[in-house]
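Dropping the structure in here first, questions after.
The values are calculated or read from the model by the stated rules, or taken from the named source; none is laboratory data. Because the structure is a prediction, the values reported are computed rather than measured. Reconstructed Cβ throughout: ideal geometry from the backbone, glycine too, with neighbour counts over all protein chains shown.
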Amino acid sequence: MTTPPMRPPHQGGGLRSAARRSLHGREVEARRLSESVMAVAAGQGCVIVMEGKGGLGKSRLTREAVTWARRLGVAIAPAVADELPGAAPLAPLLAALRGCDPPILANPEFDPVHGRDYDAAWLIDQLEQALRKATVHQPLLITLDDMQWADSLTVVAARALTERLATSPVMWLLSRRPWPSGPMLDTLFSDLVAVGAVPLRLAPLPSEAVARFAGELLGAAPDGALLGLLDKCAGNPSIVVDLLTTLAEHDELIIDATHARLLPGSLDQRLPDWLSQVTPLTRQLLDVASIFGRTFDVPSVAKVLHRKVAELLPPVQEALGAGLLVEEGTQLGFQHDLIRDAVYRGLSLDARRRLHREAADALLATGGSVPDAAAHAISGAEPGDTDAVALLIRASDEMVAAAPGTAGDLRLRAVDLMAAADSGRPWRVMEAIGLLFLAGRSAEAQTLSEVALQDGLPAEVEARLRFQLADSLGTAGYSASALHHARTALGLADVEGSTRALLFAAESNAHLLAGDSSAALRAGEQAMATDMTPDRAGRALLTMGVAERVRGRLRRSLQLIDEAADLLAADAAGARRLEAHWARGRTLMALDRFDEAQAAWDAADRWAGEPGTAATEVFRRTCHALLLLHRGELADAVAAGNAGLSRAEELKSWMYVPELCAVLAEASAYRGEFGVARRRLRHGVSRVSEPRSVGAQRLAWATAVVDEAAGEEPVRVLAHLASLYEQLPDRLEALAFDPMAGPFLVGLARRADDARYAGIAAEATDSLSRINQGVISFAAAGLQAGGLLHGDDDRLVAAARAFEASPRPLARARAGEDAARGLLQHGRRAEAVEQLQLALADYDRAGAVVLGRRVRDRLGDLAGSGADRSAAGPAAFGWASMTTAELRVARLVATGLTNRAIADELDLSPHTVESHLRHTFRKLDVRSRVELTRVVLTREPTPGENDR
């Protein structure tokens, strides 16, 4: 028989509305917030960082701050980060500034959906300008809630904008839960506090605050029994509200003028009474439902009970009527977690295990998720349960693509259930470890590997396990350890050829990381000779291609990497496919083919985010920062490099950190930020694992650049590079990464009066030029190095002109400086001034203030010694910087003449006309003849008249 719905006696009313509630237990936090709001209203900027678990009151305090701010005339820009993955970059900030009244960003181009269309640094600059403009007339409160879900660009922007706008009347209120989190966000919050942000860390409410809070909600003081139940809410006001609301709605409270109390017996005590009053079938339904968690679907419960769904409709209605269950969309759920927990705890351990096993079978039979079924199998299985092991392996296989870490965990749980003597156990351990490596959980995987290797594994299993270790350690930059595991595994007997090929490829990569490109090539050739299947051969060719690039043999490098990319396209994991495209772009960049390099990287982005590709993100950001540096876009290079460092810290991936730090140090030094540059150098050195690695060489180069830009004596700079000079001319690795390096080393040695070092650096630079014939930058560098060595100003001028066709403005400008120095030594003052003007224009566009100041000083010295004084002023570019010959050419361009016609008109060669046009385009910052014509017509309404 069915018991009618129970409705105990009720006295009192419902809960008070949120608008009337006090901030019990949060008085200190509320006072600090109100003080900060008053400060921003008075024109003083500030930052508040608020942390606490969900439900502790962060959102409530934020609402209070907004209310106070509105009363004081402060504008409000509120936003909440989105938990869903794939949200547009910078979406919370963009939404906040578009959603305030009036909007700070009204332009549709700043809609969050367009966030991926724009450069990150540009977006942040635009936000800064908009905020500065908006806060001139009204102070602003920006609230960013749930920062734990914020994308990385929002975190970067929050760091940049709080620093840049520190003196503006902006109050930042950033709040987050402690989980999930990451190093990038953790570092932001700790750094903000370190520089003066107000920290608000919300702890659970103490019992007395909970009592006051509940009393205000109920309009009466809770009695001891009710307080005992409220103690289970762990001081979380949100859970307190939820529980009291449930109790009030189900008439479980008696509220009189002074006290609020539960009906006789607490909720836990009453549940057995309630459950004893429902029919046995309803009780069985509740028991089984509790196995599935807070919510469940009726077909799964019916399957466990071996009944038809229709048979369960009466007990479902009874449970709903009794207030034990509620409808939640297409599923049912327990009215409160306390009810579900009480039902679940009422089951014996054996009953729970049996029901979990049956729940796993039911989910599989009704088309449910295999991983969900596996979770029940874990709860219900005992050691030796082969069915549970098979289910866990099946679930693991299904989850590999989407969640390799979870797949690895499932395999480890299967291993726990397998008998110690099971011959398949070592293979499952190896598979699990491989999945953890794929998921980026390298430290955990390495620990498990070391433990497994102590157990005496079959040779093939040990070899594969050591390959995984070598591969992972190599990715992390630990070449010596990677080499040890690869060689140890290669020394084992009875190892399959395909595994040996992988080990040779890992050995090749370890040699490359250690700075021994010749050994890397030999090991790669052994891998190719052992197994030519696409995956194995592709890995070997990729490493060999990178080794050839390091050696300066760029066309051979591109050939090998292209072959590797073709092989890896179909047969390799996403990480190798991605790495091949980024390596290809890196070689194209060395070949001066910048646009093709960027296209290769853009093409690789379609695989970004696949399992196992996280570590390649740091490589991608390193390449991007390096390209921006070579393009002369220093501010963007710094932004990209800092983003790469943050990602490296987040992933605990250090392999590319030395090179990233070298790029940042070089760019920062050119910008005059020497303190930042030296900090980056120290950080990079701390992450060097091998003294001969590419990262170590890049840091040595960057150290010399920083010292030279800071005005250190050439002898001292030279001393820091002695080991690099000694590798020349036989080893070209030191020069291959940057065409500017060779001439720099020659000029440095000449200024330090070291003829031997100058000679070997020049010989190496010339060798690199001959190996890479047709590459403009290396050809120009060869001319420049030879001109510096022999004091040949004509060769230096030729080098500067050759660099005009190069996409590397900083290298071009340095060549111009060297040419000017040589020209001045031979009294060719006018030509020297022109070269200095062109160099200054390049430096100014790049934001290389230190190098630009050096050229300005030189021009000033020339002006002071009798040269044309206009050369020393701001006329380094613009209309006033144009030479007579350039003006004549520009005027004729504006009449519509072709280069050939202009050459005939002025009795010049077409090459000379083209050279004048390149100089003109650069000085006037135009990119086409149409733009040049507009400039000429603006300056001279009747162009060409003076030339006819």
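Given the criteria out of contact with any Phe, Trp or Tyr (no Cβ under 8 Å at 6 or more places or on another chain), surrounded by 23 or more Cβ atoms within 10 Å (Cβ to Cβ) and modelled with pLDDT under 90, does Ser870 qualify?
no
Check Arg621 against each of (1) modelled with pLDDT under 90; (2) more than 21 Å from Ala667 (Cα to Cα) and name the one condition it does not meet.
Among (1) modelled with pLDDT under 90; (2) more than 21 Å from Ala667 (Cα to Cα), Arg621 violates only (2).
The conditions are (1) closer than 23 Å to Trp654 by Cβ; (2) acidic (Asp, Glu); (3) touching a helix residue (DSSP H, G or I) at 6+ places or on another chain (Cβ under 8 Å), and Asp516 fails exactly one of them. Which is it?
(3)
Can you tell me which residue among Val47, Val40 is within 34 Å of the chain's Cα centre (by Cα), modelled with pLDDT of 80 or more and closer than 16 Å to Leu144 by Cα?
Of the residues listed, the single one that is within 34 Å of the chain's Cα centre (by Cα), modelled with pLDDT of 80 or more and closer than 16 Å to Leu144 by Cα is Val47.
Looking for whichever is more than 26 Å from Asp494 (Cα to Cα) and surrounded by fewer than 24 Cβ atoms within 10 Å (Cβ to Cβ) here; the options are Arg425, Arg441. Which one fits?
Arg441
Condition test on Lys303, is it without any contact (Cβ under 8 Å) to a residue 12 or more places away in the chain, in the same structural domain as Tyr344 (by TED's automatic domain parsing) and out of contact with any Gly (no Cβ under 8 Å at 6 or more places or on another chain)?
Against the criterion (without any contact (Cβ under 8 Å) to a residue 12 or more places away in the chain, in the same structural domain as Tyr344 (by TED's automatic domain parsing) and out of contact with any Gly (no Cβ under 8 Å at 6 or more places or on another chain)), Lys303 does not qualify.
Another question, then. Among residues belonging to region 358-378 that are touching a residue at least 40 places away in the same chain (Cβ under 8 Å) and touching a His at 6+ places or on another chain (Cβ under 6 Å), point out the one that is nearest to Leu285 (Cα to Cα).
Ala359
Yes or no, residue by residue, for (1) within 21 Å of Ala764 (Cα to Cα); (2) in a helix (DSSP H, G or I); (3) touching a residue at least 60 places away in the same chain (Cβ under 8 Å):
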residue	(1), (2), (3)
Val685	no, yes, no
Ala700	yes, yes, no
Val705	yes, yes, no
Val717	yes, yes, no
Tyr725	yes, yes, no
Leu728	yes, no, no
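Test of understanding: among Gly827, Gly822, Gly852, which residue is closer than 23 Å to Trp879 by Cα and not acidic (Asp, Glu)?
None of the other options fit; the residue is Gly852.
Okay, moving on. Any idea how many residues of region 921-938 are farther than 16 Å from Pro809 by Cβ and not in a helix (DSSP H, G or I)?
Of the residues in region 921-938, 1 are farther than 16 Å from Pro809 by Cβ and not in a helix (DSSP H, G or I).
Let me ask something else. If you take the residues in region 687-698 that are of a type outside the set (Ser, Thr, Tyr) and not in a helix (DSSP H, G or I), which one is nearest to the chain's Cα centre (by Cα)?
Kept after step one, since they are of a type outside the set (Ser, Thr, Tyr), are these residues of region 687-698: 687-688, 690-692, 694-698.
When the remaining residues are screened for being not in a helix (DSSP H, G or I), the result is 687-688, 690-692.
Numbers: Arg687: 18, Val688: 21, Glu690: 25, Pro691: 27, Arg692: 27 Å.
Per the stated criteria, the residue is Arg687.
Please indicate, with yes or no, whether at least one residue in region 469-484 is aromatic (Phe, Trp, Tyr) and crowded, with 24+ Cβ neighbours inside 10 Å.
no
On to the next question. Could you list, ordered by first residue, the pairs with Cβ atoms under 8 Å in which the first is in region 391-413 and assigned to a helix (DSSP H, G or I) and modelled with pLDDT under 80 and the second is surrounded by fewer than 19 Cβ atoms within 10 Å (Cβ to Cβ) and polar (S, T, N, Q), at least 6 apart or interchain?
Met399/Thr406
Can I ask one more? In region 547-565, how many residues are among the β-branched types (Val, Ile, Thr) and touching a residue at least 40 places away in the same chain (Cβ under 8 Å)?
1
If you check every pair at least six apart or on different chains, which have Cβ atoms under 7 Å apart with a residue in region 787-814 that is among the basic types (Lys, Arg) first and a residue that is outside any helix (DSSP H, G or I) and at pLDDT below 95 second?
Arg808/Pro739; Arg812/Glu804; Arg812/Ser806; Arg814/Met740
Here's something else I'd like to know. Working carefully through the options Glu525, Glu548, find the one that is charged (D, E, K, R), over 30 Å from Ala779 (Cα atoms) and modelled with pLDDT of 90 or more.
Exactly one residue qualifies, and that residue is Glu525.
In the same structural domain as Leu513 (by TED's automatic domain parsing), under 29 Å from Ala514 (Cα atoms) and within 30 Å of the chain's Cα centre (by Cα): does that describe Ala480? Walk me through it before giving the result.
Numbers: in the same structural domain as Leu513 (by TED's automatic domain parsing): yes; under 29 Å from Ala514 (Cα atoms): yes; within 30 Å of the chain's Cα centre (by Cα): yes.
Yes.
Here's a follow-up. List the helices (runs of 4 or more DSSP H) inside region 165-240, counting only whole elements, that have at least 2 residues being touching a residue at least 40 places away in the same chain (Cβ under 8 Å) and in contact with an Asp or Glu (Cβ under 7 Å, 6 or more places away or on another chain).
Values: elements: 183-194, 207-218, 224-230.
It comes to 183-194.
From the list Ser508, Ser557, pick out the single residue that is under 33 Å from the mean Cα position of the chain (by Cα), over 23 Å from Gly434 (Cβ atoms) and among the hydroxyl-bearing types (Ser, Thr, Tyr).
Criteria check complete, one pass: Ser557.
Given the criterion under 23 Å from Ser915 (Cβ atoms), surrounded by fewer than 20 Cβ atoms within 10 Å (Cβ to Cβ) and not basic (Lys, Arg), identify the matching residue among Asp857, Asp844.
Only one candidate passes the filter, namely Asp844.
Here's another thing I want to ask about it. Based on this model, can you work out whether Leu192 counts as in the same structural domain as Leu56 (by TED's automatic domain parsing) and more than 23 Å from the chain's Cα centre (by Cα)?
Criteria not met by Leu192.
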